[in-house]
Amino acid sequence: MNIHEFLVPPAVFCQRTGPQDRIVMSSRVRLARNLRKLPFPAWAKKPDRLRLLEAIQPAVESLPQMQPHFSAAMDDLTPFDKQILVERHLISREHAAKGAGSGFVLNREESLCVMINEEDHLRIQSLRPGLQLKACWQAIDELDSTLEAKLDYAFSPELGYLTACPTNLGTGIRVSAMLHLPGLVLAEEITRIINAANKLNFAVRGLYGEGTEALGNVFQVSNQMTLGESEPQIIERISKALNQIIEEEENARAILLEKKPKVVFNHIGRAYGILANAHTISSKETMNLLSLLRLGIDLGMFASLERSQWDEIFLLTQPAHLQKQFTEKLGADERDIHRADMLRDRLRAVPRPLPPKS
Amino acid sequence: MLCNVCKQNEAKVHLTQIIGDKMQKVDLCEECSKEKGVGDPASYSLAELLLGQSLPADEAAPEAAAVPETETKCPTCGYTQADFKKAGRFGCSDCYVTFADGLSTMLKTMHKGLRHTGKVPAALQQAREAVQKLKTLQKRLEKAVAEENFEEAAQLRDEIKRLKDKAPA
């Protein structure tokens, strides 16, 4: 079975809902783990990496939590396959660049996935829609506990789990949530929020993690410190910060609606106008306009458009997901044309936005 | 402002490093910054901190940089300080022992604490608990003997023996 047959179709994938998913698009917890005394992936020579993969992959595949699963070596995946996985947030862009000696194992629900020989020997991830950090942690803790009996983890009683980069040392945990914050961006409050989050030692990044732009007003907030605090403490601390950001976003939206309703309706109306009528549109412009469309849904301005439909459009307009709908290889210009065609088609039955009834 | 290293060109790269409560400023021209590998400020400062030698901002800078380092090499994986300086990452789990000097200075800037207080692999946790239990039993045994409570002492001795037999090594 190839990865495209394994992954649930976008229409099904986007039916998933979770707590606070009006603002929190998804939650994720990842753990970095390594094997004792063996060179970390970046330092390991290719034969070492291949041996490591040979040892780790079957151990992961045998886990009860991973049944059934999709498992592959990164050199068996095409660049297109990898891009699909990146757009689904199942692998990092760094991992997509890996070839022989790296691997990937994903469970049926697409809630647990393991990157083998990314920056560390193992990067285990647990993913859920909406704000579900505790549930993510429970699932990944259990998976990790089963795996530790099969693999010889590098662990020091004093320093905890030993990682390639000392910034991940200790718990090896990164807890993150993907937030849609158009209100804070429109109100020009986002810089203040990012600075406040940074002061609390949380990182704020773009849609695809490290070094990426906050396209579509989507921000990833995650912990940076991994040593000196337990996993539940880290989760507790970031949850508090996330709840505050959610509140700030709701406040920003309420204030905008009260003080500058025409500005908000203008943004949303224009976004709809372009998305529903364009004949060529880039992925970047699409994401930024779709963000406003989503804000319109949240505000009750689109009676016939569900958030799940929006999620599907957002995913299907990403480059690889768009390409997937065509058999012939598309160039960037052709993709922009097909993207616009798809958007016009999807939005044909959606009436123009109306100011919310208050 | 002139470059701290070559003292000829205009400084274009300005680094501020805070170690503990001391702040250091280094100003470099583009060429010297490239030569020093200051492409990625994060890994640069990490490496400097790890090696315990921050760039001196005074006159000693050029000479200090010219002195060849005695290279520590990880016996397990062959990783060197220079490698760490370049990558900001370690070569293997044993590097944390090999390059332990200066490690805590670096970790202090990154983390909340210097000791792991989170999850411990179950096998290790059980071993730890067994050791703890053994210690408690030993203490109770000593007390029982001191109090000439021989019946309890005998029981405790048996329990200690059972525990030791169960967990060899």
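Can you work out which of the residues in segment A:295-305 that are out of contact with any Pro (no Cβ under 7 Å at 6 or more places or on another chain) and at pLDDT 90 or above is surrounded by the fewest Cβ atoms within 10 Å (Cβ to Cβ)?
Here the answer is A:Ile297.
So which residues in segment A:31-51 are out of contact with any strand residue (DSSP E or B) (no Cβ under 9 Å at 6 or more places or on another chain), facing chain B (nearest Cβ under 9 Å) and surrounded by fewer than 21 Cβ atoms within 10 Å (Cβ to Cβ), if there are any at all?
A:Lys37, A:Ala42, A:Ala44
Give B:Lys119, B:Lys135 a once-over and let me know the one that is at pLDDT 85 or above, closer than 23 Å to A:Gly160 by Cα and either among the acidic types (Asp, Glu) or within 37 Å of the chain's Cα centre (by Cα) (or both).
On the way: B:Lys135 fails: closer than 23 Å to A:Gly160 by Cα.
It is B:Lys119.
When you scan segment A:319-339, do you find a residue that is polar (S, T, N, Q), under 22 Å from A:Leu215 (Cα atoms) and touching a residue at least 24 places away in the same chain (Cβ under 8 Å), even just one?
First, pick out the residues of segment A:319-339 that are polar (S, T, N, Q): A:323, A:325, A:327.
Now narrow it down to the ones that are under 22 Å from A:Leu215 (Cα atoms): A:323.
Cutting the leftovers down to touching a residue at least 24 places away in the same chain (Cβ under 8 Å) gives us A:323.
Yes, because at least one residue in segment A:319-339 is polar (S, T, N, Q), under 22 Å from A:Leu215 (Cα atoms) and touching a residue at least 24 places away in the same chain (Cβ under 8 Å).
Within 25 Å of A:Gly130 (Cα to Cα) and of a type in the set (D, E, K, R): does that describe A:Arg346?
Criteria met by A:Arg346.
Return yes when A:Ser222 is facing another protein chain (nearest Cβ under 8 Å), surrounded by fewer than 23 Cβ atoms within 10 Å (Cβ to Cβ) and not in a loop (DSSP other than H, G, I, E, B) and no when it is not.
Judged against the criteria, A:Ser222 is not a match.
Do we find a residue being of a type in the set (Lys, Arg) and either farther than 30 Å from A:Phe326 by Cα or in a loop (DSSP other than H, G, I, E, B) (or both) anywhere in segment A:107-120?
yes
When the residues of segment A:146-166 are narrowed to those that are at the interface with chain B (Cβ under 7 Å from one of its Cβ atoms) and part of a helix (DSSP H, G or I), which ends up farthest from the chain's Cα centre (by Cα)?
So the residue we want is A:Glu148.
Inspect segment A:1-9 for any residue being surrounded by 16 or more Cβ atoms within 10 Å (Cβ to Cβ) and not in a loop (DSSP other than H, G, I, E, B) and give the result as yes or no.
yes
State all residues of segment A:22-45 that are charged (D, E, K, R) and either part of a strand (DSSP E or B) or closer than 20 Å to A:Leu90 by Cα (or both); if no residue qualifies, say none.
A:Arg28, A:Arg30, A:Arg33
Away from chain B (no Cβ under 11 Å), under 17 Å from A:Arg30 (Cβ atoms) and touching a residue at least 24 places away in the same chain (Cβ under 8 Å), is that true of A:Ala177?
yes
Taking the stated definitions as given, is A:Phe13 modelled with pLDDT of 90 or more and either more than 14 Å from chain B (Cβ to nearest Cβ) or in contact with a Phe, Trp or Tyr (Cβ under 7 Å, 6 or more places away or on another chain) (or both)? It would help to see each step written out before you state the result.
Working: modelled with pLDDT of 90 or more: no; either more than 14 Å from chain B (Cβ to nearest Cβ) or in contact with a Phe, Trp or Tyr (Cβ under 7 Å, 6 or more places away or on another chain) (or both): yes.
It is false that A:Phe13 is modelled with pLDDT of 90 or more and either more than 14 Å from chain B (Cβ to nearest Cβ) or in contact with a Phe, Trp or Tyr (Cβ under 7 Å, 6 or more places away or on another chain) (or both).
Just to check your reading of the model, which residue among A:Ile245, A:Ile234, A:Ile268, A:Ile255 is crowded, with 22+ Cβ neighbours inside 10 Å, over 24 Å from the mean Cα position of the chain (by Cα) and modelled with pLDDT of 95 or more?
Working: A:Ile245 fails: over 24 Å from the mean Cα position of the chain (by Cα); A:Ile234 fails: over 24 Å from the mean Cα position of the chain (by Cα); A:Ile255 fails: crowded, with 22+ Cβ neighbours inside 10 Å.
The conditions single out A:Ile268.
For segment A:112-137, enumerate the residues that are under 15 Å from A:Met178 (Cβ atoms) and polar (S, T, N, Q).
The answer is A:Gln125, A:Ser126, A:Gln132.
Name the pairs: first residue in segment A:346-358 and surrounded by 13 or more Cβ atoms within 10 Å (Cβ to Cβ), second residue among the aromatic types (Phe, Trp, Tyr), Cβ to Cβ under 7 Å, at least 6 apart or on different chains?
Filtered contacts from segment A:346-358: A:Val350/A:Phe302; A:Pro353/A:Tyr272; A:Pro353/A:Phe302; A:Pro355/A:Phe265.
So is A:Asn195 more than 14 Å from chain B (Cβ to nearest Cβ) and within 18 Å of A:Ile245 (Cβ to Cβ) or not?
yes
If you take the residues in segment A:180-191 that are among the aliphatic types (A, V, I, L, M) and assigned to a helix (DSSP H, G or I), which one is nearest to the other protein chains (Cβ to nearest Cβ)?
The qualifying residue nearest to the other protein chains (Cβ to nearest Cβ) is A:Ile190.
Looking at A:Thr171, is it under 22 Å from B:Gly88 (Cα atoms) and of a type in the set (S, T, N, Q)?
So A:Thr171 passes the test.
Mind counting the residues in segment B:69-121 that are of a type in the set (S, T, N, Q), within 22 Å of A:Phe202 (Cβ to Cβ) and facing chain A (nearest Cβ under 9 Å)?
Here is the first cut: in segment B:69-121, the residues of a type in the set (S, T, N, Q) are B:70, B:72, B:76, B:80-81, B:93, B:98, B:104-105, B:109, B:117.
Filter once more, so that each one left must be within 22 Å of A:Phe202 (Cβ to Cβ): B:109, B:117.
Next, from what is left, pick out any that are facing chain A (nearest Cβ under 9 Å): B:117.
Qualifying residue count for the region: 1.
Quick one: which residue in A:Leu143, A:Leu227 is within 14 Å of another protein chain (Cβ to nearest Cβ), surrounded by 20 or more Cβ atoms within 10 Å (Cβ to Cβ) and part of a loop (DSSP other than H, G, I, E, B)?
After applying the criteria, what remains is A:Leu227.
Looking only at residues that are assigned to a helix (DSSP H, G or I), out of contact with any strand residue (DSSP E or B) (no Cβ under 8 Å at 6 or more places or on another chain) and of a type in the set (S, T, N, Q) in segment A:285-338, which one is nearest to A:Val218 (Cα to Cα)?
Among those residues, the one meeting the criterion is A:Asn288.
Would you mention how many residues in segment B:122-155 are touching an Asp or Glu at 6+ places or on another chain (Cβ under 8 Å) and facing chain A (nearest Cβ under 10 Å)?
Qualifying residue count for the region: 2.
Restricting attention to segment A:64-87, does a residue exist that is closer than 30 Å to A:Asn243 by Cα, charged (D, E, K, R) and either surrounded by fewer than 22 Cβ atoms within 10 Å (Cβ to Cβ) or at pLDDT below 95 (or both)?
Within segment A:64-87 (the criterion being closer than 30 Å to A:Asn243 by Cα, charged (D, E, K, R) and either surrounded by fewer than 22 Cβ atoms within 10 Å (Cβ to Cβ) or at pLDDT below 95 (or both)), the answer is yes, since at least one residue qualifies.
The values are calculated or read from the model by the stated rules, or taken from the named source; none is laboratory data. As the structure is a prediction and not an experimental result, all values here were calculated from the model. Because the Cβ atoms are built from the backbone with ideal geometry, glycine has one as well, and the counts that use them run over all protein chains shown.
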